[in-house]
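Any read-out appearing in this document is the output of simple, stated calculations on the displayed coordinates, not a laboratory observation. What you see is a predicted model; the values in this text were computed from it and never measured. FYI the Cβ positions are ideal-geometry reconstructions off the backbone, even for glycines, and counts take in every protein chain you see.
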Amino acid sequence: MFPEWMKEASTPFSSVLVANRGEIAVRIIKAVQEAGLRAIAVYSDPDRNALHLEIADEAVYLPGDSLVENYLSSEAIIQAARTSGAQAIHPGYGFLSERADFARAVVNAGIVWIGPSPEAIETMGDKISARSRMIESGVPVIPGDEIAIPEGSDHMGALASVAARVGYPLLLKASAGGGGKGMRVVREPKMLRTEYEAAAREASAAFGDGTVYVERLLTGARHIEIQVLADKHGNCIHLNERDCSLQRRHQKVIEEAPSSAVSDDLRRSMGESAVLAAMAVDYVGAGTVELLLSPNGQYYFLEMNTRLQVEHPVTEMITGIDLVQKQLEIASGMQLGISQDSIGINGHSIEARIYAEDAKSGFLPSIGNLGIWRPPTGPGIRVDSGVREGDEVTVDFDPMLAKLIVHAPDRISAIRRMDNALSSFVALGVTTNIGFLRNALLHQSFKSGSITTDFLDSTPITEFDPEYSDPKTLVSIAASAKRLGLDRSMNSVSYTDLDDHSGHPGDPFRTLSRRFP
């Protein structure tokens, strides 16, 4: 009944329900099947033809017309597990992955929860309680003062007082959740009320909790995160760092491992702090401790994500460790089986997030049919995606189409490989951010490894070539070519240039004009 590798497990399971969708559901389903386990998918009406259903061993329908009624419903997910006979649940990231009440409900239902304890999620999920726990554990935190400001309270007097103590510029942050939501920079006192109200509204809408707190804004900082793994036997290690400094409005754009700003001594110190942070809440599973690295070389605890990260593949590429496989093993009660001394760094890895969005129009989401979808292939190239050619991109979900990951012997080679992979990424039918990613990747500041978290918000790198034709016309041309069977003769066309009209140097028709008969 159970695969050979799980015979030593204390809580073996043979089936896993993946409580997610898109590329992360595909990633986890494949790992579950590779481990010899049965993978069960869930879906709502917009996902009836989704890729994650096609590859799963079984799929359970989630009724309801909204996310709250299906993917965000603890009751619906647990009922799906019972219906399918699933013995374990993997939440992926987003949705219910960091909801302590959901983790608790799964455990209470007698189903194995593939993640940390509800108590750890609760403590680290609230940024105020997490900060307090870090101070107690000796983990460096951002200097300043903070106060919880419940939404709707008589707040402005207290808020103004705390802001004066912290000093400007400051940061208002949602106590619950993450991903840049409910976060506002306040550079002068006259903007305090407006930015607070915006942060509280966004936090309430995203996390159901409008509480925000105040902390000092570190300018010119790097965003460094440390991957940790911990088992149920008291073993905890770190898997080095990822650099996520290339962000747009606090949303990560391109991530890499290792960081060009981290020395061996700093890596050791940051790793030790991350392990301390995890052990302070008796953490179990895969998690990420996010740190801010100041220009003077000091680092500070930012938050802990009690789940798998979007950018986890870059860590896998440089360490050779499958993080999802480790999550399955840990949840089954097995020991880590690896020591800190065995963790090395092999080469360099970069990840770029491919979105259906229009950089020219303020990064608005783009919808349409993926008429042509040809991800790049080749040595050192990995694509994690939840879509395929012919799929419809709608407004129902996050517009991320895929994650493009490359691995090379060194950083310069990795940048070159990523640019080559982006330039050959075929995506027609929706507007994508691929041209924007290339412009960012090839910017001298990124190539030199000197960017900080405010780089994209202060540097205009998205320039557009007025000579580019209307992308809708180009889509029609490509679609016609496909119908005529000519598309396979166009493999060297840089479709990304045509699709993005991003202004990347070069003539977008340089190959198209030659290859059409």
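Ranking ILE381, ALA257, MET183 by how far each Cα lies toward the positive end of the dipole of the chain (charges on Cβ) leaves ILE381 at the top.
Expressed as a fraction of 2.2 N^0.38 Å, the C-alpha radius of gyration for region 218-346 is 1.00. Approximating the spin labels as points 7 Å out from Cα along Cα→Cβ, the ASP396-to-ILE135 distance works out to 4.6 nm. Ranking SER132, PRO169, ILE114 by Cα position along the charge dipole of the chain, where only Lys, Arg, Asp and Glu carry charges on their C-beta atoms, puts PRO169 farthest toward the positive end.
Taking 0.36 nm per intervening residue step and subtracting the Cα-Cα distance, what contour gain separates THR11 from ARG193 on full extension?
Here the answer is 60.4 nm.
With the simple model of a label 7 Å out from the Cα in the direction of the Cβ, MET279 to ASP65 spans 5.3 nm.
In this calculation the C-beta distance from ASP264 to ASN346 is compared with R0 = 25 Å, giving a FRET efficiency of 0.95. Expressed in units of 2.2 N^0.38 Å, where N is the residue count, the Cα radius of gyration of the chain is 0.97.
Proximity of backbone amide H atoms, modeled 1.01 Å from N, is registered between VAL393 and GLY368, ASN369, LEU370 at under 5 Å, excluding neighbours fewer than 5 places apart on the same chain. Taking only the alpha carbons of region 4-114, we obtain Rg and Dmax values of 13.0, 43 Å in that order. Here region 63-152 is treated with +1 on each Lys and Arg Cβ and -1 on each Asp and Glu Cβ, and its dipole about the Cα centre works out to around 340 debye. Using the rule -39500 (n - 2.57) for each DSSP H run of four or more residues, divided by the residues of the chain, the 222 nm mean residue ellipticity is -9500 deg cm²/dmol.
Taking the Cα centre of the chain as reference, the dipole from Cβ charges on Lys and Arg (+1) and Asp and Glu (-1) amounts to some 820 debye. A protection proxy built from the mean count of other Cβ atoms within 10 Å ranks the segments 45-52, 291-298, most packed first, as 45-52, 291-298. The label point for GLN79 and the one for ASN369, both projected 7 Å from the Cα toward the Cβ, are 3.4 nm apart. Under a model in which nothing but the beta-carbon of Lys, Arg (+1) and Asp, Glu (-1) is charged, region 4-114 shows a dipole of about 200 debye around its Cα centre.
Loop-resident trypsin sites (Lys or Arg not before Pro) (DSSP state other than H, G, I, E or B) in region 208-298 with no more than 13 further Cβ atoms inside 10 Å of their Cβ: ARG249.
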